[in-house]
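Every number here is computed from the coordinates shown, using simple stated rules; none is lab data. Computed from a prediction, not measured in an experiment: that's the story for all the values here. Cβ atoms come from the backbone with ideal geometry, glycine included; neighbour counts cover every protein chain shown.
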Amino acid sequence: MSQPKAPPKNENKGKELEALLLSIQRDPKSAAAALPKLSKDELLSLFALFIDTDDETSSKNSNLRSSAYLALSSFVGTVRHPSSTNEPEVQNVDPERQNEATVTLARAFYPTVEDVLRGSNVSHIIATSAFLSALFQVDAPSASLIFT
């Protein structure tokens, strides 16, 4: 009898990324605590999800990219408003807390972004650029701070 074949490595990686995205969306507070512990390779895998391919037949990639945006938005929202379950009212936003959140968000991604942009791996640079574009759309202050 033959042994069942293990799923291809890319398929396992895709499932792991899907599980990670779902966990971020379901519990962004835990994700906020866990993000600094992710390895550079894990972050780059997440960054790569933001690459917009022209291949319209790949709905799975499109679904993962949408899920990545939702996860990023959930993560940013949790860092910006840690005790809130609802959207905060604009007039109640504490500027000092917003500055602290901006720094926290930038620090979460800066080391990996800096390392990649100083390197020469084109696929990593493209993935990081795609992520930064997404971060600018979701939270421009923290994305801007990465470049200062």
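Per 0.36 nm of contour for each residue apart, how much would the distance between residue 22 and residue 140 grow if the chain were fully extended, relative to their Cα-Cα spacing?
On the way: separation 118, 0.36 × 118 = 42.48 nm, distance 2.36 nm.
Length gained, residue 22 through residue 140: 40.1 nm.
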What are the ³J(HN,Hα) couplings of the stretch 21-30, residue after residue, when phi is run through the Karplus curve with 6.51, -1.76, 1.60 and θ = phi - 60°? Round to Hz, x for glycine and proline.
4, 5, 5, 5, 5, 6, 9, x, 5, 5
Each label sits 7 Å from Cα toward the beta-carbon; between residue 30 and residue 66 the label points are separated, in nm, by 2.5
Given R₀ = 22 Å, what would the calculated FRET efficiency be for residue 52 paired with residue 107, taking r from the Cβ atoms and rounding to 0.05?
0.25
In sequence order, what are the phi-derived ³J(HN,Hα) couplings for the stretch 101-114 according to the Karplus relation 6.51 cos²θ - 1.76 cosθ + 1.60 with θ = phi - 60°, rounded to whole Hz, with x for glycine and proline?
5, 4, 5, 4, 5, 4, 5, 5, 10, 3, x, 5, 4, 4
